[in-house]
1. Sort through L18, L104, L70, L27 and tell me the only one that's touching a Lys or Arg at 6+ places or on another chain (Cβ under 8 Å) and open to solvent by 40 Å² or more (accessible area, probe 1.4 Å).
2. Six or more apart or on different chains, Cβ under 9 Å: which pairs go from a residue in region 121-144 that's within 17 Å of T206 (Cβ to Cβ) to one that's open to solvent by 50 Å² or more (accessible area, probe 1.4 Å)? Could you list them?
3. Test R190 against the criterion of being touching a Ser or Thr at 6+ places or on another chain (Cβ under 7 Å), of a type in the set (K, R) and open to solvent by 30 Å² or more (accessible area, probe 1.4 Å), and give yes or no.
4. Among helices (runs of 4 or more DSSP H) lying entirely in region 1-118, which contain 2 or more residues that are touching a strand residue (DSSP E or B) at 6+ places or on another chain (Cβ under 8 Å)?
5. Pull up region 56-67, narrow it to residues that are among the acidic types (D, E) and in contact (Cβ under 8 Å) with a residue 24 or more places away in the chain, then point me to the one that is surrounded by the fewest Cβ atoms within 10 Å (Cβ to Cβ).
6. Within the group L6, L53, which residue is aliphatic (A, V, I, L, M), within 19 Å of G102 (Cα to Cα) and either in contact (Cβ under 8 Å) with a residue 40 or more places away in the chain or open to solvent by less than 10 Å² (accessible area, probe 1.4 Å) (or both)?
7. Could you check Y44 against (1) open to solvent by 20 Å² or more (accessible area, probe 1.4 Å); (2) under 29 Å from E208 (Cβ atoms) and say which number it fails?
Amino acid sequence: MPRDTLTADLIVRTAIELLDDEGLDGLNMRSLAKRLGSAATAVYWHIKTKDDLVRLAGDAIWHEVELPDLDAVGWRAAATAHAGGMHAMLTRHPWLVQAFGGHLLHGPGQARYNDLGLAIYEKAGFTAADADRAAAAVFTFVLGSALGPAAQVSLHRRLSKHGADAERLMADTMARAAETAMRFPRLRERLGTAASAEYAAAPDSTFEFGLRSLLDGFELRLAAEGGGHPG
């Protein structure tokens, strides 16, 4: 594709597809240009560096999160939808979780999300400073909840690229981890239940349980301080 027919938007959308398929390690200007049917120099004409590309792609997918209408729902329903939307987006694009550790990420997509987070917790009754803390606590929880699945996707991709039988290696590792866990009473009891088919897997509804617990704690704090609004 000639340089003058490329656009930054097309490059970013194609980069997101490549990142979804190959992860951060699979993104480079040459592989991206190949997908675009273009020369790498044509890509550089629009976006100068890989860091810029990751930043733009990372911000674009924040726009996938559907923001709740604070005029239509209570703060707690809004907080649940807000956090759930972020979690679903990170599940679709696990590379963004890794990007937080190696890239400077910013832009209007994430700012839009963060601004509503502050509005949600101000509506709940927190002061501006505590709304910031509440929003940051939930953001960190959601990011941490997505870290395990994202790491597993990355590990499986890396093992497969090196010609390894990823499924067998993962199964062998989990089997050895389970053998070690059997030496400890609470882990042994868990491994004896039907719900623990995989040692490293989080129990069902872990994310929902953790989010409810955080929001319960916020409600208790607001009630103790004599503030707060019905959720």
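1. On the way: L18 fails: open to solvent by 40 Å² or more (accessible area, probe 1.4 Å); L70 fails: open to solvent by 40 Å² or more (accessible area, probe 1.4 Å); L27 fails: open to solvent by 40 Å² or more (accessible area, probe 1.4 Å).
Selected residue: L104, the only one of L18, L104, L70, L27 that is touching a Lys or Arg at 6+ places or on another chain (Cβ under 8 Å) and open to solvent by 40 Å² or more (accessible area, probe 1.4 Å).
2. L143/F100
3. Numbers: touching a Ser or Thr at 6+ places or on another chain (Cβ under 7 Å): yes; of a type in the set (K, R): yes; open to solvent by 30 Å² or more (accessible area, probe 1.4 Å): yes.
Yes, satisfied.
4. Details: elements: 8-22, 29-36, 40-46, 50-62, 75-92, 95-99.
Here the list is empty.
5. Of all residues in region 56-67, those among the acidic types (D, E) come to 59, 64, 66.
Still in the list and also in contact (Cβ under 8 Å) with a residue 24 or more places away in the chain: 59, 64.
Values: D59: 20, E64: 14.
Among residues in region 56-67 that are among the acidic types (D, E) and in contact (Cβ under 8 Å) with a residue 24 or more places away in the chain, the one surrounded by the fewest Cβ atoms within 10 Å (Cβ to Cβ) is E64.
6. Details: L6 fails: within 19 Å of G102 (Cα to Cα).
Checking each option against the conditions leaves just L53.
7. (2)
Listed here are the residues, each with its yes/no results for (1) modelled with pLDDT under 80; (2) open to solvent by less than 50 Å² (accessible area, probe 1.4 Å).
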{"site": "T140", "(1), (2)": "no, no"}
{"site": "E179", "(1), (2)": "no, no"}
{"site": "A200", "(1), (2)": "yes, no"}
{"site": "R212", "(1), (2)": "no, no"}
{"site": "G217", "(1), (2)": "no, yes"}
{"site": "G227", "(1), (2)": "yes, yes"}
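The values are calculated or read from the model by the stated rules, or taken from the named source; none is laboratory data. Everything numeric in this text was worked out from a predicted model, so none of it was measured. Reconstructed Cβ throughout: ideal geometry from the backbone, glycine too, with neighbour counts over all protein chains shown. We work out accessible area using only protein heavy atoms, side chains counted, and drop any ligands, DNA or RNA first. Shrake-Rupley method; radii C 1.70, N 1.55, O 1.52, S 1.80 Å.
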